[in-house]
Each structure stands twice: as C-alpha cells, then as structure tokens.
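The values are calculated or read from the model by the stated rules, or taken from the named source; none is laboratory data. Here the structure is a predicted model, which means the values were calculated and not measured. Counting neighbours? That spans all protein chains shown, and the Cβs are built from the backbone with ideal geometry, glycine included. Note: accessible area is taken over every heavy atom of the protein model, side chains too, but ligands, DNA and RNA are not part of it. Shrake-Rupley method; radii C 1.70, N 1.55, O 1.52, S 1.80 Å.
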Amino acid sequence: KKAYPFVRVPQFWKFIDEKLATGQIRMPRLAYEEVVGFGDELSKWCKLRKANGLCIRASKNVQQKCLTKVSGYVYEKYAHHQAADFLKGADAWLIAHALCEGGMVVTEETRGVKLKVKIPTVTKALGATWCDTSDMLNHLDARFG
C-alpha cells in the first residue's frame, strides 16, 4: 500500500483485481483478518474483494499437515518466545498455504538474523517459494502504462 498508493498507482490495483479474478493471487483468511483490522484504505479495498480470493479458508491439509510443519520448524530453530510471536499472526498461515497449494509467498520482509522469525527464512527452509512485490509483478508479467 505504501509503495503503491491507490491514488498514484491505480494501474497496480487494477492489475491485482484482475489477478484475483483469475485466482492467480489469493490471501489466507487470517492474513485477510489482519489487514482489515487496521481500518485503513487498504482494509476497505480488501473488504470489497473478500469473495474474490482475499479470504481463503484453510483446507484440512493446510491446517493439519503444513501448518504443523511450519510450527514444528519454527519451534525447533528459534527461541520459544520468538516462535510463539511468529505463530500468533498470519505469517505461518501464508507459508502453510504456499506449501500445501504450491503457491508463492509475497512479502516485503527480507531474510535476517535470528532476532526475529522472518517469512523468507522459514519459507525457503521448508521448500516453498517467496518473492517481493516487484518480483511478483515480473513473474505475473505486469504491464503498466
């Protein structure tokens, strides 16, 4: 939202809309709930598209197999408080969905030291793929102009 303001880059949001309609972009329910909880312009935009792929419920496989894999890895590699902090939010669900459904996690986080559990570090360690927004746009062959 910060890098692609609605008023300045409406083409970006139109592109995201199009990819939601085709199912190429999706968001797990917990991530959706985090985003709409802010009550800002992005949350309003997401609420209007809830039924278009921005509030995907986790399958039993995502819940029982992949989330268990994510949480097991995080508790094994990080201090208990770091793991608990990571697992209380939607980040683990993003990774679990990507693992089970062959998706790609899109995040602006970068890999880092073990002071905080980072999405890219866990995603890569578990064999899923991740990228930032710019790479996602390249992967989806976005054309603005």
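Observations on the structure shown:
- On a per residue basis, the convex hull of the C-alpha atoms belonging to the chain measures out at 113 Å³.
- Over 24 Å between alpha carbons, listed pairs Lys19/Lys47; Lys2/Lys77; Lys2/Lys44; Lys19/Lys50; Lys77/Lys124: Lys2/Lys77
- Furthest towards positive pole of dipole, Leu99, Met136, Thr110, structure part segment 60-145, Cβ charges: Leu99
- Solvent-accessible surface of segment 10-100, taken per residue with a 1.4 Å probe and all protein chains present: 56 Å².
- Across segment 49-61, rounded Karplus estimates of 3J(HN,Hα) from the backbone phi angles (6.51 cos²θ - 1.76 cosθ + 1.60, θ = phi - 60°) give 10, 3, 7, 9, x, 9, 8, 7, 6, 6, 6, 4, 4 Hz, Gly and Pro being marked x.
- At a Cβ-Cβ separation cutoff of 4.7 angstrom, cysteine residues of the chain with no neighbouring cysteine are Cys46, Cys55, Cys131.
- Residues whose amide H falls under 5 Å from that of Trp130, counting only those 5 or more places apart or on a different chain, are Val105, with hydrogens built in the peptide plane.
- Once the Cβ-Cβ distance of Glu33 and Glu108 is raised to the sixth power relative to R0 = 22 Å, the FRET efficiency obtained is 0.70.
- Computed from the Cβ-Cβ distance with R0 of 22 Å, the FRET efficiency linking Ala21 to Asn138 stands at 0.60.
- Across segment 14-82, Cα-Cα pairs more than 13 Å apart make up 70 percent of the total.
- Portion, in percent, of the accessible area of segment 4-132 that falls on carbon or sulfur, probe 1.4 Å: 54 percent
- Karplus-derived 3J(HN,Hα) values for segment 67-77, using 6.51 cos²θ - 1.76 cosθ + 1.60 with θ = phi - 60°, are 5, 4, 5, 5, 5, x, 4, 5, 5, 6, 9 Hz; glycine and proline are entered as x.
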